[in-house]
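To start, the structure under review is shown below, and the notes come after it.
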Amino acid sequence: MMEPRENPMNSDVILKVEHVTMRFGGLVAINDLSFDVRRNEITALIGPNGAGKTTVFNCVTGFYRPTMGRILMTQKSGKVCHLERMTDFTINREAKVARTFQNIRLFTGLTVLENLLVAQHNTLMRASGYTVLGLLGFKGYRNASVAAIEKAKLWLERADLLDRADDPAGDLSYGAQRRLEIARAMCTDPELLCLDEPAAGLNPRESLELNKLLRAIRDDTGTSLLLIEHDMSVVMEISDHVVVLEYGTKISDGTPDEVKNDPKVIAAYLGVDDEEVDEVLDEITHATDEAQA
Amino acid sequence: MTQPLLKVENAETYYGNIRALSGVDIEVQKGEIVCLIGANGAGKSTLMMTICGAQPARTGRIIFEGTDITRMPTHEIARLRIAQSPEGRRIFQRMTVTENLQMGASLDKLAYYKEDVEKMFTLFPRLKERQHQRAGTLSGGEQQMLSIARALMARPKLLLLDEPSLGLAPLIIKQIFEAIRVLNKETALTVFLVEQNAFAALKLSDRGYVMVNGRVTMSGPSKELLANPEVRAAYLEGGHH
Amino acid sequence: MTVQSTNPASKQESLVARGLREAFFAGLISLGMFSLYVGLKTDQNMLNELVLVPRWGMLAIFVVLAMIGRFLMIVAVQPWLAARKSARASAAHGQAEVPGFVARNLTVLAVIALVLFPPLVVGLFGMQGSLKWIDNFGIQILIYVMLAWGLNIVVGLAGLLDLGYVAFYAVGAYSYALLSSYFGLSFWLLLPISGILAAFWGMVLGFPVLRLRGDYLAVVTLAFGEIIRLVLINWVEVTKGTFGISGIAKASIFGIWSFDVSAPNNFAKAFDLPMSSAYYKIFLFYVILALCALTAYVSVRLRSMPIGRAWEALREDEIACRSLGINTVTTKLTAFATGAMFGGFAGAFFGARQGFVSPESFVFLESAVILAIVVLGGMGSLVGIAIAAVVMVGGTELLRELTFLKAVFGPDFTPELYRMLIFGLAMVIVMVLKPRGFVGSRQPTAFLHERKAVSGSFTKEGHG
Amino acid sequence: MDGEPMEYFIQQTVNGITLGSIYGMIAIGYTMVYGIIGMINFAHGDIFMLGAFAALITFLVLTGLVAGFPVVAALIVMMAVAILMASLWNWTIERIAYRPLRGSFRLAPLITAIGMSIVLSNFIQVTQGPRNKPIPQLVSEVYDVFGISISLKQILIVIITVVMMTAFWYLVNRTSLGRAQRATEQDRKMAALLGVDVDRTISITFIMGAALAAVAGTMYLMYYGVAVFTDGFTPGVKAFTAAVLGGIGSLPGALLGGLLIGLIESLWSAYFSIDYKDVATFSILAIVLIFKPSGILGRPEIEKV
């Protein structure tokens, strides 16, 4: 059973993955996978290493073409895009799907601000009359570039990077780079944002900041989120809906609580339960308390 | 006082002008499992590379068995029998599992290869099944096992393990940590372990160090660190897999 | 606890000892290397057979030079470099040095100097005497500056390694030569046409190959450069093959005054000046200066526009570009075509300047030299590239002037012969000393608070 | 066209294989160096030229010392000296022009390599003069096999190529040196962590490539009977093209690419026009790469996202 949402208008489906199969040579990375991502929700895709999560992502964002199946993206306007038929860059431009990468891919030699301006390439390109008008110094382009900087500023503020705007992106700390990558993706005005392990390598404080940013994106911009995550604390904390994969097939699908208590998930993914951790911690606290006493 | 197997004295390492390690002091005694925990970007992997001379310290000293190895080239340090299973596993993708293991055993020109490889296959039976496969086709967990086995093939006096749990499902982490424990118990292998998974690391090790922003901020027996409220707040609660 | 370590006190004397030892090895190695090639010279005798002429003295000189060089390297240069490096590392934490007046206004000063260059030279050396300076140094260097700035768009900004850039230079030169010879069209009409044709060829060649990555792209561009040259050589009916096309029309001052001696509207006649070929050279100097200015203006403007930013982003990370909705193929194509267009302009100018074009001028070596200037300058930096062009091209032109060496080494000595040898050595030495080029940092194209140069250690060089 | 069409075709094929063997041997040097440090060693063609000159000068020394020096012995000595010279030069070049740039900017060693190529050809021009250097024919026997004339030179070249390739294949795939080379190729830092002396391994790779180039240079001199200082460029570019065509980084690919280019050249010259043979070669390279972007036997580059 799905958790009932307060606003049923928001819970229509934005992304429909239908019977997707992906083979690499003889290896089946995803096998007949179907799941939905609902609008205005954070959907998490979890599963053990090699379960095919990143492959699903690459199919959705056009870096791979699935061997079989359909991936349908329904925009707010009602326009439906067949993502499995589109080439990589049109998925962002036409279908309004943006993504981040597991091993952060920033333009390290450009400044933080420039990274966000590159993300507005298509808008600015049109405003500059495909370079010709801009080269001649037309006003329309000048206005557009001012607007682009304003938008970049807005996202810098949200990602808490405003004071780093003029530093090279490669100079940022790990956590800041992750936030910048998300801000950059948001500058393309996506309707669906796909995040590949956004919390990997973050310390607990940075993790909290990330959760805040992701929630803000969902609540303030109406963007839906699909994320892959290893860190269960992030998944359980922020996601509205969890899909669990193992060996390229779906083994569970539901709210975080439902998934957490699904015996199939515990067996396949967790392997260890939290009680064991607590037990050992208790034991040690006990022992040291005694020693001190 | 017994001379420690490895002693890091006031080591400072830079990437360009960015200081990655500042005044790090660490000791590892023979037969111990010592762990270093800390968040990503704290400088843990830099320390591993500094010990191996791959990212040499600008100041300070690294002393192994009484020899100053701070400025030694990496391959000569390896020949002193310090073996590393580095961050990201770094297995040779286009070589077979066997060839990867042979690379590990090349210090002795494969003299003990046959007997050692059997030990590895007992320790990690999955590798035996895959010995003729190209390493790049292994799963993440198998690659991690291969990386550790390759390091062990060098018959190390000191084994450096960098994030053996990274990106692995909890079940596999358990298996790998169990293997390390067995090795330490049975062959008195000295292990210096870097981990982000603080709980698992502290549970396994004898002593631990905590690193924050390139500095060692805390150290002590692992059990004490596990019980320390600061450590628990920062590294254990809300983060364990 | 015993710790083995080197004793610092013994370092100084061991340095000399080490230097001697290394010098000895260097001597042995150079003896081996040069024994055949320097020690023995192959010459043809009266019967046209090859005979060997020993040159043991010369060999000895080479070996001794190698030994001295190695010794000085160990004892003086390396410690000095190390000291400088550590000094710089500690200085980096302190105050950044404020650039001086010259550094701050470099561009303005350079432009003023260039504009004043011809009258200054004419004043100093007279009409005829100025020819050499304006032509061999001024025009020659500026052509390379323009070519390198054009290639910079492809290599420095978009990060696409193009080893056949000279092909577009050839397209421009032959476009001008052929269209002006066959149809009698004027320079000012053909200049843009040559550029457009070169850009067109850039598109035609670029379209199928820009999917290729890295060194594969490099080798295909090299192949295209060679193909175009070979076609020019072999398509004799049109291009006259290796003989080349001569008697190409000179450029005129917008059709008003001509530099043809026989023409009624000859420039010198019109102003009642004494006849001299210097006017044409001075005119050409200003033409190429204007073309360079155009190239610089367009490069700078494009860099701060979406297309230029996309080029740089492409150099940094192509996959990220695609994820942001940037069409990488058209972006690469525009970079390729824009670069080719400037090559075409320069080619047309070259044709007008020489009055003669032949495939000889468009060999791979030219591509290599232009690429070397871009890399030595510091990829992406217009100022750095201009400096590199002055140093490399101007330097080798200077070598032509070393006729006084004939007095030292005898009349058989031709310094000309050593020109390319020294050019090659300079390429190696400069690159080893400054791997990032003369200007290694990058100026951001937009800023919120303050414009800070991006250190070269962050920028990437592209996959292509 | 002379003779029967079929015989003519086979004749041209034999010529193509001979030429292709020489290209293949040079191509190995490009491919090995590219494999291990990821740079295009533009000076490699000139190392080949240096090898040819070493063989030439050795030949003159030998014939100058003893009037009737046995041909086989002369060839062996020429080859040995050429290998020695080319290896020494390539080793030194790597030390002074490439090693200091290791780990920096990728284009920097490419530029020093181009610089070194200019230095080497001009060095020979200055020290040995710019003219063609002809030598009398060393091996002149020609056999007639079913109407096809095959010269002993061609047989020698093919045999030596096969022997050298077998030896190299064994060295790279079956010895610890080869394993160290392959490890260095894939992950230099990791190889060092396992005790591989990376600098030494790279030096050995340069020496191995130079040795093959020197053998090719000797064969080239024997085949054409002439050497000139510009010889480095065209065969160098062809061999480089061969390496890329076969898939740069792949040893069998380099040989295959060399043979293909030799065949294209000789068959194109025979049936179409000798003027456009190089245009044909380069066009085929471009076409192959468009359809197979990493060469015929190259590893397809998997885009890691």
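The values are calculated or read from the model by the stated rules, or taken from the named source; none is laboratory data. Fair warning: this is a prediction, and the values are worked out from it, not measured in the lab. We place every Cβ from the backbone using ideal geometry, glycine too, and count neighbours over all the protein chains shown. Just the protein is used for accessible areas: all its heavy atoms, side chains included, with ligands, DNA and RNA removed. Shrake-Rupley method; radii C 1.70, N 1.55, O 1.52, S 1.80 Å.
Summing Lys, Arg as +1 and Asp, Glu as -1, what charge do residues with Cβ under 11 Å from the Cβ of D:PHE48 carry, D:PHE48 excluded?
Overall, the nearby charge balance is -1.
Using a 1.4 Å probe, what is the accessible area per residue for segment D:20-230, in Å²?
33 Å²
With +1 on the Cβ of every Lys and Arg and -1 on the Cβ of every Asp and Glu, and nothing else charged, how large is the dipole of the protein assembly as shown about its Cα centre, in debye rounded to the nearest 20?
Dipole magnitude for the protein assembly as shown comes out near 2860 debye.
Using alpha-carbon pairs under 8 Å, 6+ residues apart, how would you state the relative contact order of segment D:168-305 in percent?
Result for segment D:168-305 is 16 percent.
What is the projected area of the convex hull of the Cα atoms of segment A:109-188, averaged over all directions, in nm²?
Approximately 4.9 nm², given one-decimal rounding.
Going through the cross-link list A:LYS16/C:LYS460; B:LYS30/C:LYS85; C:LYS132/C:LYS250, which pairs have a Cα-Cα distance over 28 Å in this structure?
Distance filter (> 28 Å) returns A:LYS16/C:LYS460; B:LYS30/C:LYS85.
Which of the trypsin sites (Lys or Arg not before Pro) across segment C:103-211 are loop residues per DSSP, with 15 or fewer other Cβ within 10 Å?
Answer in residue order: C:ARG211.
Give, ordered by residue number, each residue of segment D:84-101 whose 1.4 Å probe accessible area is reduced by a minimum of 40 Å² on adding the remaining protein chains to the chain alone.
D:MET85, D:LEU88, D:TRP89, D:LEU101
Counting partner chain Cβ atoms within 10 Å of every residue's Cβ in B:66-77, what's the average?
Mean inter-chain Cβ contacts per residue within 10 Å come to 4.
Which residues, if any, in segment C:273-316 have at least 30 Å² less accessible area in the whole protein complex than in the isolated chain, probe 1.4 Å?
C:ARG301, C:MET305, C:PRO306, C:ILE307, C:ARG309, C:ALA313, C:GLU316
If you count only protein heavy atoms with a 1.4 Å probe, what accessible area per residue comes out for segment A:109-188, rounded to a whole Å²?
Value for segment A:109-188: 37 Å² per residue.
For C:TRP235 and C:TRP80 in the same chain, what is the full-extension length gain: residue separation times 0.36 nm, less their Cα-Cα distance, in nm?
Residue separation times 0.36 nm, minus the Cα-Cα distance, leaves 50.2 nm.
Using C-alpha positions alone, give me the convex hull volume of segment D:155-305 per residue in cubic angstrom.
Value for segment D:155-305: 137 Å³ per residue.
Here are some pairs, B:LYS174/B:LYS203; B:LYS119/B:LYS185; B:LYS7/B:LYS44; C:LYS332/D:LYS277; A:LYS76/A:LYS96; D:LYS133/D:LYS277; which of them have Cα atoms lying more than 20 Å apart in this structure?
C:LYS332/D:LYS277; D:LYS133/D:LYS277
Probe 1.4 Å, all protein chains in place: accessible area of B:CYS35 in Å², nearest 10?
Accessible area of B:CYS35: about 0 Å².
Within chain D, which is the longest segment containing none of the GluC sites (Glu not before Pro) that sit in a DSSP loop and have at most 16 other Cβ atoms within 10 Å?
D:142-300
Return the sequence-ordered ³J(HN,Hα) values of segment C:168-174 in whole Hz as given by the Karplus equation 6.51 cos²θ - 1.76 cosθ + 1.60 applied to θ = phi - 60°, using x for Gly and Pro.
For segment C:168-174, the Karplus-derived couplings read 6, 4, 5, 4, x, 5, 6 Hz, x marking Gly and Pro.
Which value, in square angstrom to the nearest 100, describes the accessible area buried between chains C and D on both sides, using a 1.4 angstrom probe?
The contact between D and C buries close to 6000 Å².
Apply the a/c threshold of 1.5 to the C-alpha gyration tensor of segment C:201-303 and tell me whether it is rounded, prolate or oblate.
The shape class here is oblate.
Dividing the alpha-carbon radius of gyration of segment C:9-78 by 2.2 N^0.38 Å (N being the number of residues), what value is obtained?
Working it through for segment C:9-78, the quotient is 1.55.
Going by accessible area, probe 1.4 Å, with all protein chains left in place, what is the ranking of C:SER276, D:SER149, C:SER246, largest first?
C:SER246, D:SER149, C:SER276
Given a 1.4 Å probe and every protein chain left where it sits, what share in percent of the accessible area of chain D is carbon and sulfur?
68 percent
Using the Karplus curve 6.51 cos²θ - 1.76 cosθ + 1.60 with θ = phi - 60°, work out ³J(HN,Hα) for each residue of segment C:304-320 in order, rounded to whole Hz, and write x for Gly and Pro.
Couplings: 9, 10, x, 5, x, 5, 5, 4, 5, 4, 4, 5, 6, 6, 5, 5, 4 Hz.
If you restrict to DSSP beta bridges whose two residues both lie in chain B, what percentage is antiparallel, to the nearest 5?
Rounded to the nearest five, the antiparallel share is 55 percent.
Is any helix in chain D, taking whole DSSP H runs, at least 18 angstrom long along its axis by alpha carbon and on average at least -1.0 on the Kyte-Doolittle scale, and which ones?
D:5-37, D:44-65, D:71-93, D:107-128, D:152-174, D:198-224, D:233-246, D:251-271, D:277-291
Before we go on, tell me the buried accessible area for the C/A pair, both chains summed, 1.4 Å probe, in Å² to the nearest 100.
Buried: approximately 3400 Å² between A and C.
Per residue of B:140-152, how many C-beta atoms from partner chains lie within 10 Å of its own C-beta, taken as a mean?
If you average over the peptide's residues, the count of other-chain Cβ atoms is 1.
Report D for chain B in µm² per second (integer): Stokes-Einstein, Kirkwood Rh on Cα pairs, 25 °C, 0.890 mPa s.
Once the numbers are plugged in, D ends up at 136 µm²/s.
Where a ≥ b ≥ c are the square roots of the eigenvalues of the C-alpha gyration tensor, would you call chain C rounded, which needs a/c under 1.5, or, failing that, prolate if a/b is larger than b/c, or oblate?
oblate
Loop by DSSP (not H, G, I, E, B), at most 15 other beta-carbon atoms within 10 Å: where is the longest site-free stretch of chain C for chymotrypsin sites (Phe, Trp or Tyr not before Pro)?
The reported range is C:1-234.
Roll a 1.4 Å probe over the protein chains and send me the accessible area per residue for chain C in Å².
45 Å²
Using a 1.4 angstrom probe on protein heavy atoms only, which residues from segment D:163-179 are buried by at least 10 Å² of accessible area when all chains are present rather than their own chain alone?
D:ARG179
So, taking all protein chains as they sit and a 1.4 Å probe, how much accessible area belongs to D:VAL237, in Å² rounded to tens?
10 Å²
Quick one: of the DSSP bridges fully inside the protein assembly as shown, what percent are antiparallel, nearest 5?
DSSP beta bridges in the protein assembly as shown are roughly 60 percent antiparallel.
Rounded, prolate or oblate: pick one for chain D, where a ≥ b ≥ c are the square roots of the eigenvalues of its C-alpha gyration tensor, a/c under 1.5 means rounded, and failing that, prolate if a/b is larger than b/c, else oblate.
Cα axes put chain D in the oblate bin.
Enumerate the aspartates and glutamates that D:LYS292 could reach by cross-link, defined here as Cα to Cα under 18 Å, with residues fewer than 8 away along the same chain left out.
Answer for D:LYS292, where 18 Å is the Cα cut-off: C:ASP215, D:GLU301, D:GLU303, listed by chain and number.
How high is the relative contact order of chain C? Use alpha-carbon pairs under 8 Å, at least six apart in sequence, and give a whole percent.
22 percent
Cα centroids of segment D:1-68 and segment C:209-236: how far apart, whole angstrom?
Rounded to whole Å, the Cα centres lie 23 Å apart.
Per-residue ellipticity at 222 nm for chain C, helices alone: DSSP H runs ≥ 4 residues times -39500 (n - 2.57), over residue total, nearest 500 deg cm²/dmol?
Counting only the DSSP helices, I get -20500 deg cm²/dmol.
I'd like the distance separating the alpha-carbon centroids of segment D:264-296 and segment B:175-228, in whole Å.
Cα centres, segment D:264-296 to segment B:175-228: 61 Å.
Using a 1.4 Å probe on protein heavy atoms only, how many Å² of accessible area do C and B hide from each other, summed over both chains and rounded to 100?
That pair hides around 700 Å² of surface in total.
Just read off the accessible area of C:LEU448 with the full protein assembly in place, 1.4 Å probe, to the nearest 10 Å².
C:LEU448 exposes around 40 Å² with every protein chain in place.
Would you calculate, for chain B, the mean residue ellipticity at 222 nm contributed by helices, counting each DSSP H stretch of 4 or more residues as -39,500 (n - 2.57) and dividing by all residues, to the nearest 500?
-9500 deg cm²/dmol
Keeping the other protein chains in place, figure out the carbon and sulfur percent of the accessible area of chain C, with a 1.4 Å probe.
Carbon plus sulfur share of accessible area: 69 percent.
Within segment D:85-119, whose backbone N sits under 14 Å from a point 7 Å along Cα→Cβ of C:ARG400?
So the set is empty, nothing qualifies.
Shielding of B:124-136 by partners, i.e. mean partner chain Cβ atoms within 10 Å per residue?
0
Using a simple charge model, +1 on the beta-carbon of Lys and Arg, -1 on the beta-carbon of Asp and Glu, nothing else, what dipole does segment D:20-230 show about its Cα centre, in debye to the nearest 20?
With Lys and Arg at +1 and Asp and Glu at -1, about 460 debye.
Averaging sequence separations of C-alpha pairs under 8 Å and six or more residues apart, then dividing by the length of segment B:137-215, give the relative contact order as a whole percent.
Across segment B:137-215, relative contact order equals 32 percent.
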